[in-house]
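Here the structure comes first, spelled out in structure tokens, and everything after it is commentary.
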Amino acid sequence: MRVGFIGECMSELREAENGLLSQGFAGDTYNSAVYMKRTFPQHDVYYISAVGNDALSDEMVMHAVNEKINPRFIGRHAEKHLGLYRIYTDDTGERSFVYWRSDSAAKSMMQTLDSNDIAAMTAFDMVLFSGISLAIINEDDLPKYFALLTRLKSAGVKLVFDINHRPSLWKSKDDAKRLYAKAYELADIILPGIEDFNFLYGIDTIDETLKFLSDYTFDEVIIKNGSDAVTVINQHGDISQVPLTPVENVVDTTSAGDAFNGVYLGARLEDASQKEAVEKASKSAGFVIQHKGAIVDATAYSLFSKNLT
């Protein structure tokens, strides 16, 4: 299967030993791409974004290549650079971020894609996009962005939307809700979290979330609710819950949802049932949050994933 992930990969700074900082690369949809490829290497995974022509951008592209992610659709912007963020984690592993991304190359990614790129993307089986990618795209480029998604959907590409709401990236809550409504209309699969729906719509229960989403048509809905059971709805409207095993040694929750998304979608592309896919995805997320940073050591994850699939 050919899977595309749209978004922004940034340089990540996190605390290391002796007051030093460790530098890596990460971003919500990029993390999902990495964990899908690591867990299901048989899938052809592509990242869709833009970087600069600077050395740090070169390193990011090489990071993708080393993760066996195809950089065919990572454009280059002559005047922009890679974004940067710093992770802070508290004693319970909960994270907060400081960003330097206001003029990153990824905001202009639509300007780096030509008609040949867009035509080639119609051969994808699936594309994941998120609320973060909607938030960062230059406002003037949003019509092109939605035109791309519409063309992909018309070509039969399955579109997946993860809200992953970041209030600091939006001018207002209304701006976010307006674009999210367009995303709901296009998405075949949606991966909402109760926390996001509570902040945006004042919704804090599964029943209220299901009622809200009933105005739209999805093939699959996967509702995440922290450490509580995941609620899944199939294309026939059947609802079920998949309980999660609590993780005691939580170190860093930065990429929990990203890992879940990548592994869940990878498993579904391998014809796993929704229940099986949630179980694998939650185990992956549980492993990831026991390590520092968004993308855990490749060797450690490889040893873990051998027992996952």
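Surface exposure of region 44-100, expressed per residue as accessible area with a 1.4 Å probe, stands at 52 Å². Structure shown: which of Lys177/Lys224; Lys153/Lys283; Lys80/Lys173; Lys173/Lys292; Lys37/Lys283; Lys153/Lys182 lie over 21 Å apart, alpha-carbon to alpha-carbon? Over 21 Å Cα-Cα: Lys153/Lys283; Lys80/Lys173; Lys173/Lys292.
When the Cα positions of Val65, Val51, Ala16 are compared along the charge dipole of region 1-159, Val65 comes out farthest toward the positive end, with charges on each C-beta of Lys, Arg, Asp and Glu.
Taking the protein heavy atoms of the chain in the context of the full set of protein chains, the accessible area attributed to carbon and sulfur is 47 percent at 1.4 Å.
Taking every full run of DSSP H in the chain, the ones that stretch at least 15 Å from end to end by Cα along their long axis and average -1.0 or higher on the Kyte-Doolittle scale are 55-66, 142-154, 256-269, 274-288. Cα centroids of region 53-80 and region 238-281: 28 Å apart.
The values are calculated or read from the model by the stated rules, or taken from the named source; none is laboratory data. Keep in mind that this is a model prediction, so the values were computed, not measured. Note that we place each Cβ from the backbone using ideal geometry, even for glycine, and neighbour counts take in every protein chain shown. What goes into the accessible areas is simple: the full protein's heavy atoms, side chains included, and nothing from ligands, DNA or RNA. Shrake-Rupley method; radii C 1.70, N 1.55, O 1.52, S 1.80 Å.
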